[in-house]
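Inspection log for the structure reproduced underneath, given as structure tokens.
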Amino acid sequence: MDRTTPAAGNEDIELYIRTIYSLLRSSGPIRLRSLEESHVGMNSSLHYRADGTEIDVTALSYAAQRLPACFPDVSLVVMGQMEEVFRRRGYPDVETWRPVAARARRRKLFYHEQRRILATFIASVSDIDDMVPTMVAYQIEWNKLHQKLNHNRALLAELGEGPITALGDAPPSDNALLAMENFVTPERSERIRQALELSEDDFAMLCHLWPGWQLVENLRKAADQRMDTRVNVLGSGLSDYRRSVQIWWQRLEASHSLNLGDRPLYFVSSNTHSLANLFSGFVRQESQAIVDLILRDRPEGLDEEYRRLRDEEPGQVGNLLYYASRFYLQHGQYAREAQSRFAEHEAAVGLQRMRDPDCLDVEAQVIEISKLRLEGLDPRLGDFSAAEIALLKASDALILNIDYPLGMAAYHVFSQVSTAVSDLLGVYIIGKAATLNGRVGDVMIPNVVYDEHSQNTFLFRNCFTAVDVAPYLRYGTVFDNQKSVTVRGTFLQNRNFMHVFYEESYTDIEMEAGPYLSAIYEDIYPKRHPLNEIVNIFINAPYDIGVLHYASDTPISRRQTLLSKSLSYMGVDATYATTLPVARRILRQEIDRQSRLAQDGGRSNQTPQEYPDDRSSA
């Protein structure tokens, strides 16, 4: 077994991480500019042009999408785990501030406009590892904009002549929008592009990031002042993270009357839509109305894809309808009525949601297997005999599906769940990852995970193989028996780091598998997970462990990355190709469990493990 050591992680990355945490120990705010030198020295793969004078639009776009639109106006960022932490450090009413959101990162954020303070709720150290480098990258690139704009006084004067809007507040009026759009003429856009010394592709990306009036408004702000943001972590103790997860669990229990701790439970970490769509049957019930919306409103040009699938691959229309249902529920002609029917339908089939999870921004769904309407299930879940339907109707088991948390939050969440639940029947983890040798849309199934947090190499039996996934994947390829590395953050990687792991046959980079396996270890063994060891949980796991990753990034190739390409509809293929095997396995496992219970009069309540005869290798 090859062993990758933390030394492979690159000294520059380690230096950056140590610098971040040594400075954040300060009781008062620190300036992000004190981290810029070590950030540049790390030579991050996501910010490889940080040290140049040219604007790295891909890094700027990546960072901006993971921070709220008001960030250019922010003077101070304060981080805490829960209201109590903010209150005891002098911010007693953060949740009365204006709620703001980032486009591509799920995190509770509140902004005080007069004081220019952004309050950020953090669920684990991974939020610090993620957000601090993101803010530093944003500040570096913003200040490059400032420098280039101030070298072109003619353009500055021209930008100052246009109509004024208020970015981050209420949307401008129709008249203001029209005036701004008329102001941003093709000729003026070309002068802006040349002043910023951007290629046509990079400028198009910047215009996509800040469309129309937002581009001019942000350029005005960038020209007016350099960014000099300060940050202060208010509570960094492990007990604060644990308390925030306990509050999350208590809120989840209080929102249901299902006795979560006393019922057999299948744990799933995925997203909030795919498993619900497969089980609820709502989209199938509303399919004609969704098709009408696709053909009438043409969201994202999906009408052409619908006609193609309808004529050439009718069996694949389901995934498109699942994707289009979000437009139907949010922007459709009768969205409010559809939302009401949606909530009633999910309640009727035993699916309950916790949408406002308080301090820990991890939405949860609880599904009662006995209440599922099997006739409404996605047909790809299989056919069930009358006897199997009766067994599922007799089930007392629940499915707990959580919106996959970021990094070490996964460890805290599963530690809480495994402590509170008496009978876990399976743990299934679905998430995005980067692939070092595949393409966007491929699926990786690991059975070896190196975790940068614990520096452990975990060996485990993944209950899924390529055969389980391949029938449902149209565009990508499935790779099983893979080796995955769990990293601390997306910016905390460089090409040397990735090449070392690539040489050791690691092909899958993500952020949650290691923390989950550390928590699973502590659920199986009567001690805390070790550090810097090869950890074999291959034999002793008393329940299913399934890990499925689909590729959203190819970091070694800079041509096709998550920085410049959104998965959008194309990501639906891999999403459902990984969700279907999980849903199928849960139903089959529960049929088998109920059959055994019926045969032995209810005495056995354990899920058998189908280990191969030879357990000597992973």
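All of the numbers you see were taken from the coordinates with simple rules; none came from a lab. Source: prediction; values computed, not measured. As a convention, Cβ positions derive from the backbone with ideal geometry for all residues, glycine included, and neighbour counts pool all protein chains shown.
Here are the numbers for this structure:
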| item | result |
| --- | --- |
| Residue-by-residue Karplus 3J(HN,Hα) for the range 307-321, coefficients 6.51, -1.76, 1.60, Hz, glycine and proline x | 4, 5, 5, 4, 8, 10, 9, x, x, 9, 5, x, 4, 5, 5 |
| Net charge, Ser126 excluded, C-beta distance under 14 Å - Lys, Arg +1, Asp, Glu -1 | -3 |
| Global form of the range 6-230, assessed from the alpha-carbon gyration tensor, a/c cut-off 1.5 | oblate |
| Taking only Cα atoms of the chain, radius of gyration then Dmax in Å | 25.1, 85 |
| Asp311/Tyr569 FRET efficiency (R0 25 Å; Cβ-Cβ; nearest 0.05) | 0.90 |
| Extension gain, Glu253 back to Asn150 (0.36 nm per residue minus Cα-Cα distance, nm) | 31.5 nm |
| Using alpha-carbon coordinates, inclination of helix 238-254 to the longest axis of the chain, degrees | 60 degrees |
| Partner lysines for Lys371 [C-alpha distance under 18 Å; skip if fewer than 8 residues away on the same chain] | Lys393 |
| Within straight-line cross-link reach of Lys144, lysines at Cα separation under 21 Å, skipping those fewer than 8 residues along the same chain | Lys221 |
| Global geometry of the range 216-320, whether rounded, prolate or oblate, following the gyration tensor of its Cα atoms and the 1.5 cut on a/c | oblate |
| Share, in percent, of DSSP beta bridges within the range 6-230 that are antiparallel, nearest 5 | 55 percent |
| Cβ-based exposure ranking for Ser22, Ser61, Ser124, in which fewest neighbours within 10 Å come first | Ser22, Ser61, Ser124 |
| Crossing angle, helix 200-209 versus the chain [Cα axis fit, 0-90 degrees, rounded to tens] | 70 degrees |
| Charge sum, other residues only, whose C-beta stays under 9 Å from Leu76's C-beta, Lys/Arg counted +1 and Asp/Glu -1 | +3 |
| Length-normalised contact order for the chain - Cα pairs under 8 Å, 6+ apart - percent | 17 percent |
| Residue order, fewest to most beta carbons within 10 Å, for Leu24, Leu302 | Leu24, Leu302 |
| Additional length obtainable on full extension of the chain from Arg87 to Lys221, 0.36 nm per residue less Cα span | 45.1 nm |
| Acute angle (nearest 10 degrees) that the helix 571-599 long axis makes with the longest principal axis of the chain, alpha-carbon atoms | 20 degrees |
| For Val77, residues with placed amide H under 5 Å, excluding near neighbours | Leu118, Arg230, Val231, Asn232 |
| Among beta bridges that DSSP assigns inside the chain, antiparallel share in %, nearest 5 | 40 percent |
